[in-house]
Structure formats: C-alpha cells, structure tokens
Amino acid sequence: MKNKVNEIQVSYKERVPAPFWQKISSSQDASDLLFQHWNKNTIELHESFKVMLLNNSNKVKGIYQLSEGGITGTLIDLRILFAVVLKTVSVAIILCHNHPSGKLEPSEADKRITEKIKKAAELLDVKVLDHLIITPNGAYYSFADNNLL
C-alpha cells in the first residue's frame, strides 16, 4: 500500500466588488473607507484590528478584520495577518485599529506591533504604507503622517 501524501494546491481568483477598487492616495482616503466599513454599533465598545489589502497601484483589494478584543486592546497574530496578505497576493497594506476611548495618541503597544509587522513585511517584500487609529467620531491618527513608519 502506497503512502498517500496530501498535496497543497494554490489558486487565486480575484472576486472583489467594483466599489473596492478605490485608489488610496492619502491617509484621509484610507481612513474614510475604513470608517465606512466599521461596525458603528461596536466601535465604542471594543477594539478591532483590520488590514486594508492593496495591489501595486494602491487600489483596494479588500479589508480583512484580524481580531476583536476588549475595551483597551486586541491581539494580532502575525501568521494570520501574513497568510491573508499572501493568499490575496497583496503588495501593500494599511493597518488600522480603533480606540473606543476616542484617544488618538498611539500607545507603546501600538508602536511595538507596528514595528514588528513592518519588519516581517520587509522580509516578504510587502509595503506597510500606514497604520491608522480611528475613533468613534471618525477622527483618525496616521503613523505615516506623523513620521512613525
């Protein structure tokens, strides 16, 4: 009897609805689109972390929610993040999470996870264009605009 080996098959088919093919030219563009896709019923309740996936022309391929946490934080698993990035053949990403408190300043934990993701992305030749913090009223903080990337 032969040993049966499981084979891994990779396939890709773009199934992105037309509204998502928006080109991102600024942190404001990214913030506006992400805020539109945030659950307004829970934005003041708990933190969520999302990633915007982009093609080589900075057009949005999709938005993926990586995690939901508590009032003051959420955990990010880099393996899941980069599994999504690689499976979608994205070449650039914009990170985003909300602060239910409305505070726009990034915490030290926010800065550390951004740096960790940026270093991992460099190994895979993926650009981290920004990390946005969004508040319940729609205001945002951009790591790129504030020279933290």
Cα→Cβ-extended label distance, 7 Å offset, between Ser25 and Leu86, nm: 3.5
Cα radius of gyration and Dmax for the stretch 109-149 (Å): 11.2, 36
Ranked by how many other beta carbons lie within 10 Å on average, peptides 130-143, 76-89 from highest: 130-143, 76-89
DSSP-defined antiparallel bridges as percent of all bridges, the stretch 24-142, nearest 5: 70
Listed pairs Lys61/Lys111; Lys40/Lys61; Lys61/Lys103; Lys87/Lys116; Lys40/Lys127 exceeding 27 Å between Cα atoms: Lys61/Lys103; Lys40/Lys127
Label point distance in nm, Lys103-Leu148, each placed 7 Å from Cα along Cα→Cβ: 1.2
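Every number here is computed from the coordinates shown, using simple stated rules; none is lab data. Predicted, not measured: the structure shown is a model, and the values here were computed from it. Here Cβ is always computed from backbone atoms with ideal geometry, including for glycine, and neighbour counts include all displayed protein chains.
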